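Just below is one structure, and these are the notes that go with it.
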Amino acid sequence: MSHGERRRAGQRSAEGESPPRTVEGTITSVRKHNGVAPPDLAGRSVKLKVIKRADRSKDAVQALPCIPDHVTPPSYRASHEVPHEAHEAPNEASHEVEVLHEAAREAFHPPPAPIISLTKEEDASDVLPVEQEDTDQVDELRDIEQGLNKPKPASLTLIDSQDTERPVMPTPTDPEWANMMIKVLEKLHSHQKFRKTALRARRRYKSNWWLAFRLSFWMLVIGGPVIVYPVAEFFNTWGDRSSKYMASFGVAMQNFCYLLGPSLGASVRYSLEGFIGTMLALGNVLLMNRAFGSYLKGGAFATRQEVTDLALGRIIYASEWLPLCNLGSGERFVQTNSTAEFLRECFMNVHWSAVDEGSLRALIILGDLALFTGIFLYIGFGTCVRVYALIYVLYWAMAFVDPSSPAFSNDPSDPWTQSIMTCAGGFIAVLSQLLPCPNDALSKATKSSTELAETLSAVLEALPFATTPEVNLAIQSSIDGTREWLSDIEGHLSFAWFEDFGFLPSRCRRRKKLEAYTELMAALLQHASMANRLAAKMPQSNAQIMGATLPSLLDVCSAAARALPVPGTTIDVSAAEDFEEAMGTMKTEFPKAVSQTVLSGDMMSFALGLCTIASGTILRLKVLDTAVYGTTWNPLKFLSDLGNRLELPQTRNYPSHLRFVARSTLAMVLAFLFGWVGLERMLNAYTSGASATVATVVSTTTGAGFSLGLITRRLNAVVVGTVLGHSLGQVLAVKTEFHAAVFAVWLWFYAFVLTFQILHSKANAGVALPTLAIGVYSLVPASGVFRDYNSSIDLGAELYLASSVKAAVLGGAIMLTLDLLLFSSARSLVQYQLKHTLKKSMGLLSRVMGLNSTDKGSANADGSSNEETLVLRHLDDLKRLLPSAADEPAPRGIEFPYELFVNLEGSFRTIVSELGTLEWLFTMIGESAASVLSDNQDFKSLLLEMEEYFTTELTSVDVMLKDLYKRRLQASTSDTSDDTGAAASLRHSILERGSEALRSAASTPKPSHVTRRLSGLLEAVGNRKQTFQQLVEKMRKVANTHRGDDPLSDLLSQVEMLLSALHTCSKAVINIQTALAQYG
């Protein structure tokens, strides 16, 4: 039926007698009228009938029993009050409307709209303004029912004649809008956090299970020459060189375990780091062996002396380098009969009377060890390089000073042989990631990025509906669900560099583009979260007005969502054209809405946020498509990239780095010295287990706090791995087919279980990895050849088991003692990180205001600078250090205020996130050729004043923090007589301001939603409220003279966006100030 036909039908129905218009709903509350209590009708289902009276301004509303078989269409709720001129249309029109009602009801099934109260005396024009003749109202009503027109706000209330407050009812829902919202919710459903987390967990479990199965198979491959014992016998009898390689076969299998990774790039990186660490240690010991000519060549083995132990009646070897009194296991060079004589002759087990000029060699060894360790740790190599370099240099140095070890007298020497076998283990680790099919990190990152792009597309499309609570929650859940995916993608991309090293052109370009694309998606998700928060603050009525006045926002966001390409493809050109067309429509709608003054501040900031995100998406995608990603052919550039990828400078600039280097160097030298001289009846001389334990702790330490947890894990790994490996090796390493088969089955099962734990759990990997490596090394016989069936058990292996455990315990004790005396206080580091966070936050604030114009070029793929990243890095370190600070012993009985610093960390993170997003928004506005606040001369002074206000507030935080640090984190009490000074005055004024705010809130009427947006800002400035409010009004007044034709070019929208972000920041600042003032 056409519009004219409906108008004529309405006229005919108005002339005749038609039944009254009725709507249905449920009464939720009924108010008194003229002091008379009405019947209790709450909860009753009723149908409302409008009865026409002679007086047009008076409507009588009658409640009738609900008719169950008739359902009011959802597009027309009981909150509407129908004008008395509206009547039923002819049957044809009624049938047409009924069909539309049934279609709308099938699209979604909302519950009946609640009726808050009934109005007895109310002009119909208050509910539905009469702007046309009666026939036009009939047409408009039917258009509303069919979803052709956007409904206008209406209310239906029964109030006391003296009551002036009238609750506003929800506006009727447009079926088209509702259907689009349902589609958006359905699309977001598969991206919810709980679904993405469950999907990720299932995929990781399956992937890690198969990868563990695959790597454990390769463990059998690398152990094949040992398991097939005739092969091991052949190589062992082939010659001295081959027998040395067989004796080092356990080293290759052990290093294969250490170099396992989740992907090809990870194994290549770990193998490269292991190679670098091994070569550094090898170069050091070979330099010691040859640098001084024959003075040190061959080690202590070249100058050893044979001595007969009278008590045991066997030959033992004494060293001229550092003569000892005993070997710790019962063999003695010097016999003493009392404790006093032992302390005089053999203090620290050194035979001091036999020390001569030859003992200078011992000082050279200790000096070289201390120098190498100190320089190596100062450079700041990564964990894997540390493990290999420190453990090997200590192990080979101990073999160098052991008079019974021919490690440096043979050709090739043991260090050369073990280095080659280490490289062999690394090669097999890389090969295991290539065969039977490549397990490359770039493919994993591409697959995850594809799914991340789908989530981002769904979020962008849903943003215009974010004002609805259901959609708002779904968007935030989808954004939260991407955090673990982003972490996985970043990890894969960091390993992907080692799959091309910047040399392979095609693969290198794919990786670089994917890195930029992932960085852009992560930034867009963060900015979408801010837009979602803006939508949550917007009243529902404003959202409906904006949907009616700016419908092109849907097309803008939808086009940006469709333009988002799958990794490896380019931007959708048709979607980009649709975006430009939608922005052109926006330039028509926005000035009209501005002229009608229907857009409030929160509506303008939300519209600006959506347009900026959509525009930034299109702009940055075009930049990524046109960017040229080349390969790295410059050797210096390659070495710089390699150093960054290997995390060389990761600890060099840390504030406690020098203390860490000194403490760790001293611990390793002492552990090496104790292992050299031994302890009688406790630790054998020339044992490297204690120093290896310290090296492991040093290699994996964070530089602050205690190493008790690391020491405990190290001890667990040593005990479990050594006991299991040694015990089963004694039982299964036998030259029979049955024993060899069981040996292979156990090796596969042991490798499979622990490899799965290494890949699947970071918490368990710290124990599982050394347990696997030590267990495999102990499982393989020392010679690499199985023992004969019925042969006696090697007693040396039993002594090795006990010595290994005791050495690990001693090394842990040494490290724990030095930690207790020289540890880097996590408390001090927390204070350092918080201090720099505050300083850089002030710089970020100045940059956002446009006052810091230095280096404004974009440094990241999303167009933002690195300022926010640098501040977040301090906050990440702060968050990591907090548990260690809480576990430290309380100096002077002052407990660490853990809850206070957690509160401060969260508040500063909110400030940095808001300012970083605001910086990006203004950057994108500038790239869209629109005018930015900081570029307008009229706003320079105003922005400067705004920045000064917030800098003053942050400065007050700095004053209170310095005072807190000065008191060593001790809280001040109310009865402290010396609680004076600037910090004390600030604390008292902040607490007074909070009390005044509470008293004012109790006596002042609740502000409207317009002034409520500024309440946080006004509270932040305290007694300067009036001045600050004048500044805000001045900025709005100036912005009103610079209105644009779309949100991007509208300076008032930018002002509202700035105020909205500063409102969130101000609440965080107030939280920081209040927390510090209350703690004192």
Here, residue 217 and residue 765, labelled 7 Å along Cα→Cβ, have an inter-label distance in nm of 2.3 nm
One finds the C-alpha centres of the range 383-452 and the range 483-544 to be spaced, in Å, by 34 Å
If R0 = 41 Å, then residue 383 and residue 592, at their Cβ-Cβ distance, give a FRET efficiency to the nearest 0.05 of 0.10
Here FRET efficiency (C-beta to C-beta, residue 343 to residue 982, R₀ 51 Å, nearest 0.05) is 0.30
Packing-ranked peptide list from 762-768, 515-521, highest mean Cβ count within 10 angstrom first, is 515-521, 762-768
The FRET efficiency for residue 195 and residue 569, from their Cβ-Cβ distance with R0 = 30 Å and rounded to 0.05, is 0.75
Set 622/1067; 183/447; 537/587; 879/940, cut-off 31 Å on Cα-Cα distance; pairs above it are 622/1067; 879/940
Residue 657 and residue 450 label points (each 7 Å along its Cα→Cβ direction) are spaced in nm at 4.2 nm
Taking 0.36 nm per residue of separation between residue 435 and residue 360 and subtracting their Cα-Cα distance, the length gained on full extension comes to 21.7 nm
Highest mean packing first, using Cβ neighbours within 10 angstrom, the peptides 772-780, 567-575, 428-436, 470-478 sort as 772-780, 470-478, 428-436, 567-575
In nanometres, the difference between 0.36 nm per residue of separation and the alpha-carbon distance of residue 179 and residue 944 is 270.7 nm
Label model pair residue 541, residue 243: point-to-point distance (7 angstrom along the Cα→beta-carbon line) in nm is 9.7 nm
Taking 0.36 nm per residue of separation between residue 207 and residue 580 and subtracting their Cα-Cα distance, the length gained on full extension comes to 130.0 nm
Within the range 664-753, DSSP-loop trypsin sites (Lys or Arg not before Pro) with at most 16 other C-beta atoms within 10 Å are 681, 735
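Read the figures in this text as sums done on the coordinates, not as results from a lab. None of these values were measured; they are calculated from a predicted model. Every residue, glycine among them, receives a Cβ derived from its backbone with ideal geometry; neighbour counts consider all protein chains shown.
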